[in-house]
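One structure is given here, and the rest of the page talks about it.
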Amino acid sequence: MTTERKISLQENHRRSLTSTLMIVEQLLIEIEDLMTSQYKTCCLEIKNDIGNEIINQNLKVIKDARNHVCNLVDKYSTDKHTQSLQRIVDVKKTKIWEILCDSKAKKLKGFGDFPQQLVKEYDRDIDELMAIADKIRY
């Protein structure tokens, strides 16, 4: 990290910058992960249509950007948050539950009438996925 002068921001500006830097850093991490991992799931396959040379260049840029984020954190004395893995898992489980609840047949009326003969089986399948996801522990 470079040794730049420290700048003291007002609390509201420092909070805003902290949030901005956290989001940018997370997005950089996600891009880096996508470029270095193969994603092929049941619902999504990411086609790697970026050449190795560009990927390597992008990884260097991401490293530079993340270093710059660290420099800005130091320069503006933004807050560093510690997040509980338990809390993160709990939030993601809750989001899974909300999404699946909103996928029940009766909630899909905005997309047209759901075939009545499929409602029980469909909702049972959604319930089963909810029960499996609920087994995630922390």
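The values are calculated or read from the model by the stated rules, or taken from the named source; none is laboratory data. These numbers were taken from a predicted model, which means no experiment stands behind them. When we count neighbours, we look across all protein chains shown, and the Cβ atoms used for this are built from the backbone with ideal geometry, even at glycine.
Contact map, region 28-50: first residue at pLDDT below 90, second residue among the polar types (S, T, N, Q), Cβ cut-off under 8 Å, separation 6 or more or different chains; pairs are 38/48.
Screening region 56-95 for residues that are assigned to a loop (DSSP other than H, G, I, E, B) and hydroxyl-bearing (Ser, Thr, Tyr) and picking the one that is surrounded by the fewest Cβ atoms within 10 Å (Cβ to Cβ) gives 82. For region 5-23, a residue qualifies if it is small (Gly, Ala, Ser) and either surrounded by 10 or more Cβ atoms within 10 Å (Cβ to Cβ) or not in a loop (DSSP other than H, G, I, E, B) (or both), and the qualifying residues are 16, 19. Which of the residues that make up region 100-120 are closer than 22 Å to residue 134 by Cα, surrounded by 11 or more Cβ atoms within 10 Å (Cβ to Cβ) and without any contact (Cβ under 8 Å) to a residue 12 or more places away in the chain? Passing the criteria: only 107.
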